[in-house]
Amino acid sequence: MQSGLQKVLRARTRRDTAWRNVLGDISIGGNFSSWEKGYAKEGAHFITHPSSGCFPMEKKHLTRYWAESTKKKIHDSKINEWREQFPILNEYDDKDLAIWREAFNKMDRDNDNYISHADLQKSDWSLEKYNLFQNYDMDQNNLIDFGEFIQAVIDIDTQYFKNFFQGFSKIDIELEFQKYAITEKEENKQVIPLTKLMQMLKDKEFTCVTHTDSQKLFEAMDFNKDGAIDLEDFLAWLGKN
């Protein structure tokens, strides 16, 4: 019996229409003009046969699969490492953490896993956000690590969001509220659901908009705890009531 990933493949060439058995191996492959069902291309290396119900996989595709699989393992290992290092991350799922890490890496220009004042100065943040951020060096080492970054950005973006409405009258706030509100059928009132709140945060330039953070902010805005944000909730959260 042959060793390795092998399979007896059936193929035919342009010159010979008769069926013949070909022994395919992942290491040596099989060079065929065409598969009976037209799946293959000349010079390709295959590890399955069309009659199996699966599309044949070329060596380059298999290599890519293993590369992506290895990359995912490294990624998962990194996420677990971050969770051990920064307890604040335990409430986030992997998808949310990936979003936060992407934002952190964009600001960490020298890739030293810290954000320095030099990194901040090169960011595209507004001066207001920049000034707020400088107050969040929790261990006073003039460097902000990943855990500090998340806590700081949540607080800064929330404050920045509130500041946006400071000069607004109640009518102006209501008009802004209505851009994202939907009409609740049961009580026939306008409310902002979680999905619309997330869109609002994106429009108001939140650095990161994750499901976890949006849910927490939603619960903070829902003053009467009825599972929806109505205008009265929104005004109360802004301190306008």
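The values are calculated or read from the model by the stated rules, or taken from the named source; none is laboratory data. Note that the coordinates shown come from a computational prediction; the quantities given were computed from them, not determined experimentally. For neighbour counting, all protein chains shown are included, and Cβ atoms are generated from backbone atoms with ideal geometry for every residue, glycine included.
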Open item on the list: Of the residues 226, 172, 157, 233, only one is modelled with pLDDT under 95 and outside any loop (DSSP other than H, G, I, E, B); which?
Closed with: 157
Open item on the list: For the range 107-135, which positions are in a loop (DSSP other than H, G, I, E, B) and either closer than 19 Å to residue 158 by Cα or among the hydrophobic types (A, V, I, L, M, F, W, C) (or both)?
Closed with: 123, 124, 125, 126
Open item on the list: Here is a list: 125, 82. Which entry is within 18 Å of the chain's Cα centre (by Cα) and surrounded by 15 or more Cβ atoms within 10 Å (Cβ to Cβ)?
Closed with: 82
Open item on the list: Take the conditions in contact with a Ser or Thr (Cβ under 9 Å, 6 or more places away or on another chain) and in a helix (DSSP H, G or I) and apply them to residue 220. Does it pass?
Closed with: yes
